[in-house]
1. Would you please put 395-408, 434-447, 555-568, 96-109 in order of how densely packed they are, using the mean number of other Cβ atoms within 10 angstrom per residue and starting with the highest?
2. For ALA102 and ALA364, FRET efficiency with R0 = 22 Å and r from the beta-carbon atoms, rounded to 0.05?
3. Measuring from label point to label point, each 7 Å out along Cα→Cβ, what is the GLU238 to ALA313 span in nm?
4. Starting at the first residue of the range 568-578, write each ³J(HN,Hα) from the Karplus equation 6.51 cos²θ - 1.76 cosθ + 1.60 with θ = phi - 60°, in whole Hz, x for Gly and Pro.
5. For SER604, SER374, write out the residues from largest to smallest accessible area, computed with a 1.4 angstrom probe and no ligands counted.
6. Tell me, what is the 1.4 Å probe accessible area of LEU133, in Å² to the nearest 10?
7. How do GLU257, GLU459 rank by accessible surface area computed with a 1.4 Å probe, from largest to smallest?
8. Got a number for the accessible area of ARG124? Probe 1.4 Å, square angstrom, nearest 10.
Amino acid sequence: MSAAVAETGLFLDGLHCSGCVNRVERALRAAPGVADANVNYTTHRALVRFDPAHTDERALVREVESLGYRATPYAPEALERPQQRDARRALVRLLVAAFFAANVMLVAVALYIGAIEGVDVATRRGLRWLAILLSVPSVTWCAAPFWSGAVRGLARREITMDVPIALGIGTAFATNVLGTLRESEHLYVDSAAMIVFLILLGRTLERSARARAAAAVDRLTALTPATALRRAADGSLEEVAAASLARGDLVVVAPGEVVPADGRIVRGASELDESLLTGESLPVARGAGERAVGGTLNLLGELELEIEAAVDAGTLARLAALLERAQTERPKIQRLADRVARVFAPTVLGAALAVGVAWWWVGAPVFEATLAASAVLIVACPCALGLATPAAVTAAIGRAAALGVIVKGGEAIERCAAIDRCVLDKTGTVTQGRLEVRAVEPAPGVDAARVLARAAAAEGASAHPIARALAEAAAGAGQGEVVEAALRAPGERSAAAGRGVEWRAGGDVVRVGARAFAVGASDARVPDALESAARALAARGATLAWVADAKQVLGVVGLVDALRADAGDAVERLDRLGVASELVTGDHEQAARVVARGAGIAESAVRAQVAPEGKVERIRALRGEGHRVLAVGDGINDAAALAAADVGAAMASGSDVALHAADLVVRSPRLGAVADAIELSRAALSRIRENLAFALLYNLVAVPLAATGWLSPLAAAVAMSASSLVVTGNAIRLGRWRPRA
């Protein structure tokens, strides 16, 4: 294959069990040009990676449809109507089956009462034939999906789970007809119609549960508005389809409207509700020069944005793609269930045949032997086993997205649950990754506001983190107008890399930066009080920006990269979860220890001035000691460490390289979201184990009961449908999961 690999999603219709999933996966992976294919039974979606030089989307669709399933390229807007049509069709089948099953049951009740009270032979015969007649629509049109699925499977020489279900329905109906012809005393005339109704009911409820569990991708996709107000070349506004927006377009977003695509604010200020992306309920202030993500809600003022990415290449599209991939990748624990389910249908047929023969061999009438075999066919459908893992994984991934964590794959859930050590980067991870002014220490006789204003004016409109922090602090201290006036005045600025900035205006000179650079311009010595204040700031981990003019040292500004608001709580939660935290950073020792103290990380777990290679070595050493390691970072220098860990988590504000290397993307500004992911993963793994245990226990109990005659075909249908619903319902509980405080 060539190096170019494309990726597409397919929506599949007609999947009834994990055997169907395995069949489609095997066919797609064997197709020419396909690198990999994963199918998720819960979402009924396939994610296929292929070489466009050897195949295309249409060929993949034909490959799936040759197996007897329907496939459609996954596009929510295109699939909405077919999905609604299919759901309506399934509901009509269910209602028709319910109508005839209810009427057959009324006839059956009359027969049961008649057997007790006594009824003449002619009446009994007439009621039985009436029940059979009422069962015909159920076992033909209503059961058509089972018959067609079985026929397609047999045509491919494969025994799908539709085969035993269809045989069970057909056997129950044929037994009723033969029993009526032979005037058998005991006959379940309601069994065939009720079996069809119960299995259809189970699948309908299961479809609804799957839709709830898989709603995370659809919720993200639905955030994008259908239209947007674009500014035309003449300055007027025109309403256009949001999907048609291109990079460089100017759009206006009124209060109460949704941002149509990723862009940078060029005019206006407002607060944006980013809760559906980050999991945070509080709105975030955004102004000119800052980014706005498509899908967020504008709450207050009108904004004008310059579009930076089309809708299909923006943040929402990337997140939806990540979720789609995550929901189709299955953990190792699921693969075992897949292998078991793959051989289940042939085993069930063999077991049913053996049960029927055994009953006949010990002298039971053919009618009773057939009923026992029919019950085994129906009760042993491994739907619960096939749903056990994907339902829980899909529900967990959707819940994580709501909490602000994008999980890239089902295996990440399994690995994350086993984490016992967390290696944290400092800047942008434990801290906010943004400098802010913590203190302004003026020289004796100098006003602190003047120090701040002169420093901000000297830095000018620079995008340097120190310049931005000084400008924000000056504006907050009421010096915004002074700074603006200084910026408008004629002057000259020159930057000395790694040292500071010099500003010359009207014969005046102001320097801001390192001590040697700024103070060297002044003939005055640094006052002792200012020296002491600077040492105290440095001891607290602050970055110092000295401010001086040509005559004197004006003061020193202490800037800090503040801790994330919940850093201490997050480390404490990790500790309660049995996960020890380490701070491994390339920053200097003093800054690292200050941050560690603030976050509650033990000094013995702090490693400073560590190169990217050193981070990887530390993670490998921990893994070599038997630890399961979660690495959290945000920079390009963290990417290798994220890839080396058992699980890598990237803060969404970080570099694209880190985001691609990570297994988890933390969109929430809370560091506690990392603890949420671990706790949720453990809850998901617990649900998976519960589901697998229940599915296996169900088969261990139900199959022997059916084989020994304790379960009639009707009771077997009830048990089979109930088992699938129990497993799905248990998984969906994760949708309401909340982290412990």
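1. Per-residue mean Cβ counts within 10 Å order the peptides as 395-408, 555-568, 96-109, 434-447.
2. Computed FRET efficiency for ALA364 and ALA102: 0.10.
3. Each label point is offset 7 Å from its Cα along the Cβ direction, giving 2.2 nm.
4. Each residue of the range 568-578 in turn: x, 5, 5, 5, 5, 5, 4, 4, 5, 7, x Hz.
5. Result of the area sort, largest leading: SER604, SER374.
6. Number for this one is 120 Å².
7. GLU257, GLU459
8. 70
The values are calculated or read from the model by the stated rules, or taken from the named source; none is laboratory data. Given the structure is predicted, the values throughout are model-derived calculations rather than measurements. In this analysis, Cβ positions are derived from the backbone assuming ideal geometry, glycine residues included, and neighbour counts consider all displayed protein chains. Please note that ligands, DNA and RNA were not included when accessible areas were found on the heavy atoms of the full protein model with its side chains. Shrake-Rupley method; radii C 1.70, N 1.55, O 1.52, S 1.80 Å.
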